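The values are calculated or read from the model by the stated rules, or taken from the named source; none is laboratory data. Keep in mind that what you see is a predicted model, and the values were worked out from it rather than measured. Cβ sites come from the backbone with ideal geometry, for glycine too, and all protein chains shown count toward neighbours.
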Amino acid sequence: MSETPTDPAADSRHIDRLDAEVQTACLALERYARARSRVSPAAPTSTTAPADPVPLSGDGSALEAAIAWFALTPFETSVLALAAGVELFADAANLCAVAHGDPAKPFLTPALALAALPGADRAAFAPAGALRLWQVIVLTGVEPGATLDARITVPEAVLQFLIGQPVLDARLEALVEALPDEPPPPEEQALCERIAAALASPSAPVVHLAARPNRRSQSIAAGVGRLMDLRFFHLPGDRLINDADVVAVGRLWQRDRMAVHGGLVLSLDAPSADGRGVGLVARLATEADGPILVIGAALPDLADRCRRPVVRFHLPEPTFAEQVRLWRALLGLDPGDVAPAVDALALRFRLPRSTLASCIAVARSSVAGDDGQTPLDAVLAALTPLLREQAREGLAGLAQRAPVAGRIEDIVLPLQTAEVLRQIIAHHRNSAKVLTEWGFGREQGQGLSVLFAGPSGTGKTMAAEVIARELDLDLFRIDLSQVVDKYIGETEKNLARLFDAAETSDAVLLFDEADALFGRRSAVRDSHDRYANLEVGYLLQRIEAYRGVVVLTSNLPSSIDPAFNRRLSYIVRFTFPDRAQRLEIWRRAIPEQAPTQGLDFERLSRLSVSGGQIQVLALNAAMLAADQQQPISMRHIAMAARTEFAKRETALPSSEFADWPS
């Protein structure tokens with residue numbers, strides 16, 4: 001559990017104060033039990049001499065704090081102490097059984113408390129009373145009309161707090177994550193100080209950090225906590241289900257936050273199309289008291305929905321120059337040092353300071369010589385694969401990493417198509433220099449969105465692999481069926497997680513068969529049409545803001561919404577290969593080391609198949625030849641072709657197979 005460290009000497013103070021209150025309550029209980037044994041059960045018990053409650057001592061104990069936080073009356077204090085005493089001390093439990101006159105009831109009930117403890121007030125057990133409203137006590141075994149006979153228990157989190165070992169309730173622990181106790185990142189120190197000052201202001205506003213909820217924004221929240229001497233706990237907004245859930249979580253947090261001296265960080269990856277997520281976050285920010293920090297890039301109506309004042313701070317993405325300064329500082333370089341390799345990595349990998357610092361330390365230790373020297377080139381060589389792995393980890397489960405092999409020279413394309421691919425590579429490779437150093441434009445949104453359109457098997461996926469290889473980037477294939485969710489708003493959340501993770505490494509993102517999502521927008525006939533259009537709009541927004549390369553492929557380019565086409569950086573059309581191109585593809589499809597006999601590439605080029613199909617035919621023919629322990633021949637390719645055409649339910653073109661071996 002998320003325990004707050006305490007001084008062992010302080011524990012004794014908490015337990016002593018609780019024990020004193022328990023003993024006072026037990027004295028009242030004992031008097032009641034004696035009186036009860038002397039009178040008939042029907043006789044009134046109001047003549048029992050009341051015990052004097054323990055006065056507030058201001059000793060700083062946990063019980064004193066609970067009395068102040070929840071404004072407990074002396075009677076409510078006695079109920080809490082005695083119920084806790086039953087859990088902690090066997091004598092208190094036995095005394096309850098004696099007072100009940102029933103050894104099977106070694107616990108406190110509202111009826112017993114009202115009868116035995118001084119200052120009795122039935123309102124203390126009402127659902128709106130402080131004890132039950134904030135779940136300081138819980139009534140168990142309640143049957144309709146028998147509330148007074150319910151067993152009074154003390155939740156584990158409350159019990160641990162009373163003895164000086166505060167923890168979060170188990171239900172909260174299942175929802176929140178404690179942020180690390182770390183100082184503000186140096187480059188974000190000023191922003192952290194402004195946020196801390198706002199949270200500590202008398203108006204107690206909710207602070208909205210307009211940023212994507214990633215490791216960078218969470219490190220800022222952790223830094224704010226350090227400045228305020230608070231421990232922040234992160235609750236992703238998508239874990240909230242409905243208003244009732246918000247109320248329950250809000251009350252638990254209100255009860256436990258003071259015990260753990262905590263603040264709450266709420267985040268939303270992407271607002272749902274119906275606005276429900278923002279509404280639930282705003283409701284919780286209202287229900288829960290104390291420091292509340294909300295992280296989300298696009299929450300325009302948060303202030304309107306929240307009944308507490310909202311102060312907004314914007315967190316801009318770090319500029320290229322800021323990234324370079326961070327890298328140089330962590331690598332121990334002077335500002336004037338010329339290190340183009342460092343600048344290139346700084347542009348490519350945008351990881352949190354803590355992650356970057358750890359990776360640099362590991363890289364240095366791995367290359368350190370006997371003399372302790374760590375040459376920069378060796379450090380960078382060891383650092384690059386470490387950074388790749390950090391970025392890949394974030395995309396795990398969201399996209400499939402595809403192998404990248406080959407260069408432009410290895411793919412058979414028309415000259416014009418190959419030239420456009422070279423332009424795309426040059427565009428991305430030089431974007432930072434042209435847009436920032438040469439002053440051609442703003443840095444944000446400097447990525448590329450590219451549409452590869454054409455029939456299946458014409459080289460679209462291979463071209464994406466070539467781009468990633470030439471730029472030395474990872475390529476991730478996105479299965480739209482895994483991203484597009486049938487539940488309203490879930491698609492945006494999936495896309496937000498995908499792009500946030502990809503941003504750390506400028507990975508090339510490949511959306512296969514984009515027609516499914518980027519088809520012509522439907523007329524809004526019902527709510528589902530409206531949400532589908534909003535999902536596309538959100539994806540377009542993220543693509544345009546992404547700094548890397550996004551490749552979309554389509555077998556039916558005419559089905560793509562023209563409005564979307566206008567927002568693309570490049571449209572590359574892949575055509576069915578002509579005979580000369582097929583000849584070259586066949587020659588490359590058979591490796592030099594493969595045994596062959598009598599292959600007629602001129603004759604093979606007459607076969608009207610795509611480049612992708614040629615690769616399939618060559619591989620299948622090789623398998624047949626290997627099984628027969630023979631060199632690859634025209635007969636094997638003919639066998640593979642018949643199988644391939646049968647799979648496609650297409651007749652073999654007789655003119656192309658007329659003189660082929662049977």
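What residue, among those in region 87-108 that are in contact (Cβ under 8 Å) with a residue 60 or more places away in the chain and part of a helix (DSSP H, G or I), is nearest to Leu131 (Cα to Cα)? Show your work before the answer.
Applying the first criterion (in contact (Cβ under 8 Å) with a residue 60 or more places away in the chain) to region 87-108 yields 87-89, 91-92, 95-96, 98-99, 101.
After this cut, where a residue has to be part of a helix (DSSP H, G or I) as well, the list is 87-88, 91-92, 95-96, 98-99.
On the way: Glu87: 17, Leu88: 19, Asp91: 24, Ala92: 20, Leu95: 23, Cys96: 20, Val98: 25, Ala99: 23 Å.
Looking at the filtered set, the residue picked out is Glu87.
When region 580-625 is examined, which residues are found to be in contact (Cβ under 8 Å) with a residue 24 or more places away in the chain, surrounded by fewer than 20 Cβ atoms within 10 Å (Cβ to Cβ), in contact with an Asp or Glu (Cβ under 9 Å, 6 or more places away or on another chain) and not polar (S, T, N, Q)?
Within region 580-625, Arg588, Arg603, Arg606, Val616 qualify.
Residues of region 627-641 being over 49 Å from the mean Cα position of the chain (by Cα) and either farther than 23 Å from Asp410 by Cβ or surrounded by fewer than 21 Cβ atoms within 10 Å (Cβ to Cβ) (or both), which ones?
Filtering region 627-641 for residues over 49 Å from the mean Cα position of the chain (by Cα) gives 627-639.
Matches in region 627-641: Asp627, Gln628, Gln629, Gln630, Pro631, Ser633, Met634, Arg635, His636, Ala638, Met639.
What's the total number of residues in region 394-438 that are more than 17 Å from Arg477 (Cβ to Cβ) and free of Cβ contacts under 8 Å to residues at least 12 places away in the same chain? Spell out how you get there, then give the answer.
Let us first name the residues in region 394-438 that are more than 17 Å from Arg477 (Cβ to Cβ), namely 407-438.
Those left that are additionally free of Cβ contacts under 8 Å to residues at least 12 places away in the same chain: 409, 415-416, 418-419, 426, 430, 433-435, 437-438.
Adding up the residues that qualify gives 12.
Being outside the structural domain of Val450 (by TED's automatic domain parsing), in contact with a Pro (Cβ under 8 Å, 6 or more places away or on another chain), over 30 Å from Arg429 (Cα atoms) and in contact (Cβ under 8 Å) with a residue 12 or more places away in the chain is the requirement here; does Met639 meet it? I'd like the intermediate steps shown before the answer.
Details: outside the structural domain of Val450 (by TED's automatic domain parsing): yes; in contact with a Pro (Cβ under 8 Å, 6 or more places away or on another chain): no; over 30 Å from Arg429 (Cα atoms): yes; in contact (Cβ under 8 Å) with a residue 12 or more places away in the chain: yes.
Considered against the rule, which asks whether it is outside the structural domain of Val450 (by TED's automatic domain parsing), in contact with a Pro (Cβ under 8 Å, 6 or more places away or on another chain), over 30 Å from Arg429 (Cα atoms) and in contact (Cβ under 8 Å) with a residue 12 or more places away in the chain, Met639 comes out as no.
Could you list all residues from region 313-369 that are in a helix (DSSP H, G or I), of a type in the set (D, E, K, R) and surrounded by 14 or more Cβ atoms within 10 Å (Cβ to Cβ)?
Selection gives Arg325, Arg328, Asp343, Arg348, Arg353, Arg364.
Which of the residues that make up region 16-56 are in contact with a Lys or Arg (Cβ under 7 Å, 6 or more places away or on another chain) and either of a type in the set (S, T, N, Q) or at pLDDT 90 or above (or both)?
Those that are in contact with a Lys or Arg (Cβ under 7 Å, 6 or more places away or on another chain) and either of a type in the set (S, T, N, Q) or at pLDDT 90 or above (or both): Thr45, Thr48.
Can you name the residue in region 213-233 that is part of a loop (DSSP other than H, G, I, E, B) and touching a strand residue (DSSP E or B) at 6+ places or on another chain (Cβ under 7 Å) and, of all such residues, is surrounded by the most Cβ atoms within 10 Å (Cβ to Cβ)?
Let us first name the residues in region 213-233 that are part of a loop (DSSP other than H, G, I, E, B), namely 213-214, 229-230.
From the residues that got through so far, the ones that are touching a strand residue (DSSP E or B) at 6+ places or on another chain (Cβ under 7 Å) too are 213, 230.
Working: Pro213: 25, Leu230: 22.
Selected residue: Pro213.
Give just the number: which of (1) outside any helix (DSSP H, G or I); (2) surrounded by 19 or more Cβ atoms within 10 Å (Cβ to Cβ); (3) not hydrophobic (A, V, I, L, M, F, W, C) does Ser201 not satisfy?
Here Ser201 meets the rest and fails (2).
In region 569-590, which residues are of a type outside the set (Val, Ile, Thr) and touching a strand residue (DSSP E or B) at 6+ places or on another chain (Cβ under 9 Å)? Please lay out each step first, then the result.
From region 569-590, those of a type outside the set (Val, Ile, Thr) are 569-570, 573-574, 576-584, 586-589; that's our starting set.
Hits for region 569-590 are Ser569, Tyr570, Arg573, Phe574.
So which residues in region 379-399 are surrounded by fewer than 17 Cβ atoms within 10 Å (Cβ to Cβ) and over 21 Å from Ser354 (Cα atoms), if there are any at all?
Gly397 - this is the single residue of region 379-399 that is surrounded by fewer than 17 Cβ atoms within 10 Å (Cβ to Cβ) and over 21 Å from Ser354 (Cα atoms).
Only one of these conditions is not met by Leu266: (1) at pLDDT below 90; (2) within 17 Å of Ile241 (Cβ to Cβ). Which number is it?
(1)
Within region 234-281, how many residues are part of a helix (DSSP H, G or I), over 27 Å from Leu191 (Cβ atoms) and hydrophobic (A, V, I, L, M, F, W, C)? Full working, then the answer.
The first filter runs over region 234-281 and keeps only residues part of a helix (DSSP H, G or I), leaving 237-239, 243-260, 276-281.
Within this subset, residues satisfying the condition of being over 27 Å from Leu191 (Cβ atoms) are 243-252, 254-256, 259, 276, 279.
Subsequent filtering for residues that are hydrophobic (A, V, I, L, M, F, W, C) retains 244, 246-249, 252, 259.
The number of residues fulfilling the criteria is 7.
Could you check, for region 223-244, whether at least one of its residues is modelled with pLDDT under 90 and of a type in the set (Asp, Glu)?
Yes, region 223-244 contains a residue that is modelled with pLDDT under 90 and of a type in the set (Asp, Glu).
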